[in-house]
Amino acid sequence: MLILTCPYCGVKAEETELQPGGEAHLKRVGPAGSDDEFEDYMFARKNAKGVHFERWRHAYGCGKWFLAARDTATLQVYGTYSAQTPHPPARIVAAIRDVHPDWQPDWTETAGADAE
Amino acid sequence: MSHTPPFRLARGGRLIDRAFQVPFRFDGRHLRGLQGDSLASALLANGQMLMGRSFKYHRPRGPIASGAEEPNALFGLGQGGRFEPNQRATTTALLPGMMLRSQNCWPSLDADIGAVNSWLSPIFPAGFYYKTFIHPRPFWKHVFEPIIRHSAGLGRAPTDPDPDRYEQAYAHVDTVVVGGGIAGLLAAQRAADQGGSVLVLEQTAIWGGRTPVDHPGGQARIDDLLADLRGRGNVTLRRNTMATGLYDHGYLLAREALADHDPNQGIPRQRLWRIRAGHVVTATGALERPLAFACNDVPGVMLASAVRDMIVDYGVAPGQRVVVVTNNDDAYRTALIAADAGLEVSVIDARRTADGDLPQAARARNIPVLMNTGIAKVKGGRHVEGVVLCDAEGEGKATGGIDCDVVAMSGGWSPVVHLWSHCGGKLTWDEPQAMFRPNPERPPLGADGQGNVSATGAANGDLRCAGDLERAEQPTMPVWCMPRNAPYKLRSKMWLDFQNDVKVSDVELAAREGYASVEHTKRYTTLGMATDQGKVSNINGLAVLSKALNQPIPQTGTTTFRPPYTPLTLATIAADARGEAFQPLRKTPMHDWHARNGASWEPVGHWRRPYCYPKGGEDRHAAVNREILAVRRGVGTLDASTLGKILVKGPDAGRFLDMMYTNMMSTLPVGKCRYGLMCSENGFLMDDGVVVRLTEDSWLCHTTTGGADRIHGHMEDWLQCEWWDWQVYTANLTEQYAQIAIAGPKAREVLERLPGSIDLSQDALPFMTWAEGDIAGIPARVYRISFSGELSYEIAVPTSRGLELWERLHEAGRDLGITPYGTEAMHVMRAEKGFIMIGDETDGTIIPQDLGLGWAISKKKTDYLGKRAQSRSHMKDRSRWQLVGLESLDGRVIPDGAYAVDEGVNPNGQRKTQGRVTSSYHSPTLDRPIAMALVRHGTERMGQVIEFPMPSGEVLKGRICDPVFYDKEGARLNG
Amino acid sequence: MAEALATVTRVDGLGMISIRADLARAGEAIADAAGLALPDMTRITTDGSRWLGWMSPDELLLILPAQDHREAQTALEQALAGEHALVADVSDLRAVFDVIGPHADDVIAKLSPADLAAMPADGLRRSRAAQTAAGFWRVEGGFRVFGFRSTADYLHLILRNAAIPGSQLAPR
């Protein structure tokens, strides 16, 4: 049973205090999107074996949604961070690369991505 | 008689107190043991070696072990609700008055008719059931399965409720050491030196593990260690606590036995510990392996360590003439201890030489030691009478014999690697020691990606972990089959799994039949599937399989180790969650009033809502009808407190609600109410309710009873994760307010009888508006909304005043026949009006357009959750099933969920369908059945008749009609 | 007969006000209006009769004698005038229990996965008690526990069950 530290209140919470929310960093596709774009947003999920970004809510706590970077195979937690982040921040990427030096993000890293 | 008393030795027995006799009953016989005895030692002290029957062949069984690995000596213990099957005699302390019942035998342990299976064993090989019962097919269900089910299962489940209390507790510890033997205590000392908190768990009541038995001076060493640890502030020592399983991120479950020994002292019997460990040290020791020789299952053949435990711990001699058979030095300890106890001993050693300290000591004591010798066969049926000796490397030709009544066997030791393995720790094959032990390179990983378990002592393969107490030993020689070249006749009598009757020949047969995977072989032969889960049999079985497959043991690998380490009673897992504490029951402030007034309850989520209030001899149906008519003709009240109430406030609240709801909520004027629909991003209807504009920047959103927390979470999700720059705050105020619906043509009259500041007239408070003030001195909001179609007000007051208002309304309306109504009357009345119900008309695949609710979908909005999804081709497909009403042709109620069939059949040969009933009731208002249904092209098919075949073969017919059955023009809304 | 690990008593007569606002901007104003110090993250401040608890990064909970709550709510609303904020009376939303006794920690440890040793003396921990949401903070001799009003009976029952005499967690 996992332990994740809520980045909003610092509480080291166990899984029963949290609500899972599936894959993180999905980009909403609204009425202007094509069928393919919408299908991708609504249904296509990574189901990664290894590095994975996901949403959790500190439901039995401060109530905030946050994001976690986790390895689905080893269950190592690379870190948790604010839900108001378009991409995982640099410290998370660094923690992942400590373990997987060749790991490549699937977004374009920019200076702005470091902001938390 | 080969087996002769006295069984209790004149001296010795470190755990017993000879001053206190303990009476107990075994299958009705009155016996006596001593305080400190285990059940096994007490029975052995009474000369009772026969303690059970094997599962498949009903062979006689005696204990072979002295600990948790015991596969044979299992009993039903206790009576009534405290009866427990499959209790191990070796780990259960004897208590005064205990009642032991033998298992898996009939009519008695001594004369078991099932033992006939043993004579038939040649026709019951591995896979017998699979092969035999497969044809003819119908026989399985009607003949074979009932018979097998009757004879399957070991022990009988108790039928009475367990009268004892159980509990659970959480602990957070830096280092947990599992095992209170010398390795565990030393590890605890090392961990405590680091300064963190240390918790040591020992599964038995006794600290020290094997050390006090195996090493002269061992007890003193243990006592010193315990004294040191007890003097440290950061160490907790917990006995009687068995670590059952290790899970992700250092989550360790353990069971503490608190009152197993005294169930009547009023404290919980057992406690389930949920421990978060920074680091776990497994100091779980090792288990001795049996040797596979012919008839090694005859009662009296025991593990060498168990024989010496009986002598040292309990002063019990399992027999007077002991033959030790071994492939290692350690078993010589048993020979020495037995000789010290005055028993006749000889040693049979499969190795060519044995010159370690212990064998030398044995020879010095004039104990006969035969090298390069094995047992060809054990003599005796219900008890060991002797052994036939042979060349250990040969084919079993008799070279001599020894009369004896106990065989103490040792095939070496296997580290207990269960906890290490539960959460991903890998094993490595240690060839010199012939054992799997933890691979330190591949430990289980914690949240930080680092290993969070380490093994120590015998659990780590370090069998000689008692430091300077140890003596020089020579290596073990692997012996997987004794003698090495035994023919089939002997191999078919060599037991691997003693409880499930799996023999060397069975594993070999599985290999020949193509079961190359150890996991498949396990299931095919049932090797290791007994209550001991292979603790005794696993490694020997793997070795035999590897040999049969002609591959090295590590290539065969082990089966998966899964928790719990030893069986855990379900009551311990449930802990306090039983009876009233089984589940939280949510109660409205009027709950007790409903109960006093005879409410028949309906669970809605964790709430209990009155379904109806039967009076006198009324059944539920009659009560519902009465309640409906009372509302339609007069006035009734519904406890609507469970509805979700979410406050949404802020400069962007209107814009936010426009995204949440399909309707336009930003334009709702202050003072007005609007029925709103909420869809998931996938377009499907997920909740509905009345939205109230409270002020310029605040709205109150009502949700369904079950939806309150979910919808609040849904709103917060979008606010926090998508539109986090929007200025909106929400608050789930569901429990702050009690809410009462008062409905019926006389609703206003009743309400106006109470003093208050709110003008309730049609002009001042028209339909779909609200007002604030006080009613009967209680601060209240009144919403003029209706789910029944009648003149209706919903009144929200602070929860603490809810019951007061409810009672005031009932006082005020008594002469008008004011009637409390329940959820079913509400359901029927809304169906009479054609109003949908989330969960009845919707099932997660329904869009508002299916339900004729297109009017509630804003055409002006460029976006709302679900809008994009609803523009997909399948959502716009005109052949989607549409909501209609149904009139039953013959006056019978068409069952809820019934399917309307269409012409033709589908690829499975089933009738095609064209619709289904979503709600169906008898309407007391109209005195006829009414139903709502989703039907293909339904709204274009008014007047058509569709058919609903019933399981009975009958066909019910329904005519498609408008779903609004009552008061189509809505005149009754205004009273 | 041994003593219960702690006595469990329902606490009535408390008012509660939920405040949501940008605490970085408006926190001090809220604290002034409440008459208490602004609590740090996961802490609670008190003057002995009122408590101001940190509930989330944008939410505080003021707990005070019921008779003072209307006045306090007005004061808070005034203090937050012009701010984007939400002030709601939640006096009836929760049930409060005092768990007082020598083994009060054991009672909480049987019900909540929270690590009490990691909780500071002025900590406010929101977690769960068995199957229901609950929060707690330390008071003289034990804990004050709050949960939802609808599950008050359940919370009371599990607290009492966890406190039964003789069931302390210390090894025996």
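The values are calculated or read from the model by the stated rules, or taken from the named source; none is laboratory data. Worth saying up front: this structure is predicted, and the values here are computed from it rather than measured. Quick reminder, even Gly has a Cβ in these numbers, built from the backbone with ideal geometry, and neighbours come from all protein chains shown. SASA here: full protein model, heavy atoms, side chains in, ligands and nucleic acids out. Shrake-Rupley method; radii C 1.70, N 1.55, O 1.52, S 1.80 Å.
What to note about this one:
- Where helices (runs of 4 or more DSSP H) fall wholly inside the range B:471-542, the ranges with 2 or more residues that are at pLDDT 95 or above are B:488-491, B:504-512.
- Taken together, the residues in the range B:917-970 that are in a loop (DSSP other than H, G, I, E, B), within 21 Å of B:PRO895 (Cβ to Cβ) and without any contact (Cβ under 8 Å) to a residue 24 or more places away in the chain amount to 6.
- With respect to the conditions (1) within 14 Å of another protein chain (Cβ to nearest Cβ); (2) in contact (Cβ under 8 Å) with a residue 24 or more places away in the chain; (3) open to solvent by 30 Å² or more (accessible area, probe 1.4 Å), C:ASP40 lacks only one, and its number is (2).
- Flag if A:PRO20 is within 17 Å of B:GLU716 (Cα to Cα), exposed (fewer than 15 other Cβ atoms within 10 Å of the Cβ) and at pLDDT 95 or above: yes
- The set of residues in the range B:493-510 being open to solvent by 20 Å² or more (accessible area, probe 1.4 Å) and in contact with a helix residue (DSSP H, G or I) (Cβ under 7 Å, 6 or more places away or on another chain) consists of B:GLU508 alone.
- Taken together, the criteria place C:ALA6 among residues that are open to solvent by less than 20 Å² (accessible area, probe 1.4 Å), closer than 30 Å to B:ILE267 by Cβ and modelled with pLDDT of 95 or more.
- Residues (within 14 Å of chain A (Cβ to nearest Cβ), surrounded by fewer than 24 Cβ atoms within 10 Å (Cβ to Cβ) and in contact (Cβ under 8 Å) with a residue 24 or more places away in the chain) located in the range B:424-450: B:GLY446, B:ALA447
- Scanning the range B:236-271 for residues that are farther than 16 Å from B:TYR166 by Cα, open to solvent by less than 20 Å² (accessible area, probe 1.4 Å) and in a strand (DSSP E or B) turns up B:ARG238, B:ALA243, B:THR244, B:GLY245, B:LEU246, B:TYR251, B:LEU252.
- Residue count for the range A:1-21, restricted to those that are within 11 Å of chain B (Cβ to nearest Cβ) and either closer than 14 Å to A:ARG70 by Cα or in a strand (DSSP E or B) (or both): 10.
- Residue satisfying all of: in the range B:685-729; closer than 16 Å to B:GLY839 by Cβ and in contact with a helix residue (DSSP H, G or I) (Cβ under 6 Å, 6 or more places away or on another chain); surrounded by the most Cβ atoms within 10 Å (Cβ to Cβ) among these: B:THR703
- Members of the range A:23-39 found to be more than 17 Å from the chain's Cα centre (by Cα) and surrounded by fewer than 15 Cβ atoms within 10 Å (Cβ to Cβ), listed by number: A:PRO31, A:ALA32, A:SER34, A:ASP35, A:ASP36, A:GLU37, A:GLU39
- The set of residues in the range B:206-224 being closer than 16 Å to B:ALA283 by Cα and in a loop (DSSP other than H, G, I, E, B) consists of B:ILE206, B:TRP207, B:GLY209, B:ARG210.
- Out of C:ALA121, C:ALA163, C:ALA134, sole residue that is modelled with pLDDT of 95 or more and closer than 23 Å to A:LEU4 by Cβ: C:ALA134
- Only residues that are closer than 20 Å to B:GLY78 by Cβ and away from every other protein chain (no Cβ under 11 Å) were counted across the range B:235-260, and they come to 3.
- Flag if B:ALA796 is hydrophobic (A, V, I, L, M, F, W, C), at pLDDT 95 or above and surrounded by fewer than 24 Cβ atoms within 10 Å (Cβ to Cβ): no
- Checking each residue in the range B:577-633 for being away from chain C (no Cβ under 12 Å), among the small types (Gly, Ala, Ser) and open to solvent by less than 30 Å² (accessible area, probe 1.4 Å) picks out B:ALA599, B:SER600, B:ALA623, B:ALA630.
- In the range B:79-98, residue most open to solvent (accessible area, probe 1.4 Å) [restricted to those that are closer than 21 Å to B:ASP532 by Cβ and of a type in the set (Gly, Ala, Ser)]: B:ALA93
- The number of residues in the range C:85-101 being open to solvent by 30 Å² or more (accessible area, probe 1.4 Å) and not charged (D, E, K, R) comes to 1.
- The sole residue among A:ALA24, A:ALA69, A:ALA95, A:ALA59 that is touching a strand residue (DSSP E or B) at 6+ places or on another chain (Cβ under 9 Å), closer than 30 Å to C:ASP115 by Cβ and away from chain B (no Cβ under 11 Å) is A:ALA69.
- Residue list for the range A:25-64, filter: touching a residue at least 40 places away in the same chain (Cβ under 8 Å), in a strand (DSSP E or B) and closer than 28 Å to B:TYR729 by Cα: A:TRP56
- Selection count, the range B:726-746, where residues are more than 10 Å from chain C (Cβ to nearest Cβ) and closer than 21 Å to B:SER641 by Cβ: 6
- Counted as qualifying within the range B:820-898 are no helices (runs of 4 or more DSSP H), as none has 3 or more residues that are at positive phi.
- The set of residues from the range B:483-507 being more than 19 Å from B:VAL325 (Cα to Cα) and more than 42 Å from the chain's Cα centre (by Cα) comprises B:PRO487, B:TYR488, B:LYS489.
- Candidates C:ALA72, C:ALA104, C:ALA109, filtered to the one that is modelled with pLDDT of 95 or more, crowded, with 19+ Cβ neighbours inside 10 Å and in the same structural domain as C:SER18 (by TED's automatic domain parsing): C:ALA72
- Residue, farthest from the chain's Cα centre (by Cα), within the range B:395-409, restricted to residues that are surrounded by fewer than 16 Cβ atoms within 10 Å (Cβ to Cβ) and part of a loop (DSSP other than H, G, I, E, B): B:LYS397
Yes or no, residue by residue, for (1) in contact with a Gly (Cβ under 8 Å, 6 or more places away or on another chain); (2) part of a strand (DSSP E or B):
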{"site": "B:ILE742", "(1), (2)": "yes, yes"}
{"site": "B:ARG748", "(1), (2)": "yes, no"}
{"site": "B:GLU752", "(1), (2)": "no, no"}
{"site": "B:LEU760", "(1), (2)": "no, no"}
{"site": "B:LEU765", "(1), (2)": "no, no"}
{"site": "B:GLY773", "(1), (2)": "yes, yes"}
{"site": "B:ARG781", "(1), (2)": "no, yes"}
{"site": "B:ILE785", "(1), (2)": "no, no"}
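- Here B:PRO483 clears all of (1) surrounded by 24 or more Cβ atoms within 10 Å (Cβ to Cβ); (2) under 30 Å from B:ASP214 (Cα atoms); (3) touching a Pro at 6+ places or on another chain (Cβ under 8 Å) except the condition numbered (3).
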